[in-house]
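Take a look at the structure below.
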Amino acid sequence: MLRPAVHDLLSAGTRVLLVARRPERADAGAPDSGQLIPVAADWSEPEELGRKVREAAGGRPIDEAILWVHTPYDAGVHQALDPLLSPGATVAQLWGSAGADPNRSRPLPEQYRPPRNYRSVVLGFTRTTHGTRWLTDREISNGALRGLSEPDPEQTVGRTQPWSDRP
Ligand SMILES: NC(=O)c1ccc[n+]([C@@H]2O[C@H](COP(=O)([O-])OP(=O)(O)OC[C@H]3O[C@@H](n4cnc5c(N)ncnc54)[C@H](OP(=O)(O)O)[C@@H]3O)[C@@H](O)[C@H]2O)c1
């Protein structure tokens, strides 16, 4: 679902560290900028994930991160990323809507307090002429990129209200 965002970042000349168990899946259709760095890692092994990201970053602090991590693994990932992020880094964390009301409150992870910028991006649904549907990969990716560029700490892609209208 974040492949379009990755490709947009590459097209803009951004160096992207893609962290997933099978990061090579982002390659399909990617612009050949030479800036896509696959990092094969698992959320459930956050120390190893942090070590691999550090190696891939080559000692350069990371200025922006888009996070999609299932709970409860997010806490370990925040801890692993903390020393690798720049002091003023921006983090956009996406929240899915499967099985849980996305309107519930989410505390700011302590690692991302100011001067870092943290944006919580809730993935909602969208209305159509025939009812509602979940978001497309492009819509989710646009929301993730907006999470990096817009300062609002609480963002929603599509809508979540009324939650009972979800598909
Ligand atoms: N609101 C909406 O409109 C909407 C629309 C679509 C999706 N969603 C939400 O988005 C979620 C994503 O769906 P999905 O089926 O693609 O789910 P997913 O299994 O969470 O996979 C998403 C990404 O996470 C990576 N990943 C999964 N487990 C990992 C792990 N242990 N370590 C590291 N990376 C891991 C996957 O790559 P690897 O498998 O390579 O690790 C993949 O790139 C759904 O649960 C849904 O709630 C919402």
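Couple of notes before you dig in:
- Dipole orientation for segment 3-165: of the candidates Gly58, Gln155, Leu18, Gln155 has the Cα lying most toward the positive pole (charges on Cβ; Lys, Arg +1; Asp, Glu -1).
- Residue-normalised convex hull volume from the C-alpha trace of segment 3-165: 124 Å³ per residue.
- Under-5 Å amide H pairs with Ala92, H placed in peptide plane, nonlocal only: Ala65, Ile66, Leu67, Arg119
- Accessible area (Å², per residue) of segment 3-165, counting only protein heavy atoms and a probe of 1.4 Å: 55
- Computed from backbone phi, the HN-Hα couplings of segment 123-128 come to 8, x, 9, 10, 8, 10 Hz, rounded to whole numbers (Karplus: 6.51 cos²θ - 1.76 cosθ + 1.60, θ = phi - 60°; Gly and Pro given as x).
- Antiparallel DSSP beta bridges within the chain, as percent of all bridges there, nearest 5: 20
- Virtual paramagnetic centre 7 Å along Cα→Cβ of Tyr73, amide N under 18 Å, in segment 28-56: 38-54
- Percent carbon-and-sulfur accessible area, segment 3-165, ignoring ligands, DNA and RNA, probe 1.4 Å: 49
- In the chain, helical runs assigned H by DSSP with n ≥ 4 each contribute -39500 (n - 2.57); averaged across all residues and rounded to the nearest 500, the mean residue ellipticity at 222 nm is -7500 deg cm²/dmol.
- Nearest-20 debye value, the chain charge dipole, Cβ charges on Lys, Arg, Asp, Glu: 280
The values are calculated or read from the model by the stated rules, or taken from the named source; none is laboratory data. In this text the structure is predicted, and so the values were computed from the model without any measurement. Reconstructed Cβ throughout: ideal geometry from the backbone, glycine too, with neighbour counts over all protein chains shown. Ligands, DNA and RNA are stripped out before the accessible areas are found, and what is left, the full protein with its side chains, is counted by its heavy atoms. Shrake-Rupley method; radii C 1.70, N 1.55, O 1.52, S 1.80 Å.
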